[in-house]
Amino acid sequence: MAYKILRIKGKADFDVIPAAVLKCFPLEKRDYKPYTQAKAVISEEGITVRLMAFEALPEEKSSVKIIFKFSDSIFSAEVFADKNFVYKINNENKSDEIISPHFFTGEDLQGKYWAADFLIPMELIKNYDSKFSAEVNEIEGNIYKLCDGKRCHRGSYFPVDFVSEDAFKNFGIFKTEKY
């Protein structure tokens, strides 16, 4: 079943929000496919996202990336295991306009993880897609787990040809659902 981004009123409670789990690691010949998930909700405030990677010893070059397409504009947020954040729209740095980038680590029944929460404000989205609203029925995009370090790996939610130059332009449709 495809991942549905929930439309909510108020603040996100990520403990009850379903997760999109990345399973497509097409180039991985070894067994290193770190369990990676993303959660997203849409509200009047904007889109709130949580990106999580379950890696006991993540490398600095390890990241989780999410991309959304707003009209003709591409929004990308990439969070690195070393607590660096990169937020861009059409390759223009928007890090100062993202609300509450919060990096954290922890451990649960699935193992040790590193994660980040952030909000893409509705005003920022509307600068690029004036018709976007909290009632949108679908959003184009994809989610990636990337690492160019010793344990090099590349995975995605929707299938991607990572050999292609357009690997980060292959999108699927995230449906939304009222919660």
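Tabulated values for the structure
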read-out	value
Computed [θ] at 222 nm, helices only, for the chain once each DSSP H run of length n ≥ 4 contributes -39500 (n - 2.57)	-1000 deg cm²/dmol
For the chain, with +1 on Lys and Arg beta carbons and -1 on Asp and Glu, the positive-most of PRO34, LEU6, PHE85 along the dipole	PRO34
Out-of-range pairs (alpha-carbon distance over 30 Å; input LYS11/LYS88; LYS23/LYS131; LYS83/LYS131; LYS69/LYS145; LYS83/LYS126; LYS65/LYS150)	LYS23/LYS131; LYS83/LYS131
Contour minus Cα-Cα distance for SER71 and TYR32 (0.36 nm per residue)	10.5 nm
Computed magnitude of the charge dipole of the range 57-179 (debye, nearest 20; Cβ of K, R +1, Cβ of D, E -1)	240
Backbone N within the range 144-179 under 15 Å of label point (7 Å from VAL16 Cα along the Cβ vector)	178-179
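Bear in mind these aren't lab numbers, they're just calculated from the coordinates by the rules spelled out. Please read all numbers here as calculations on a predicted model, not as lab measurements. Neighbour counts are summed over all protein chains in view; Cβ atoms, including those assigned to glycine, are modelled from backbone coordinates with ideal geometry.
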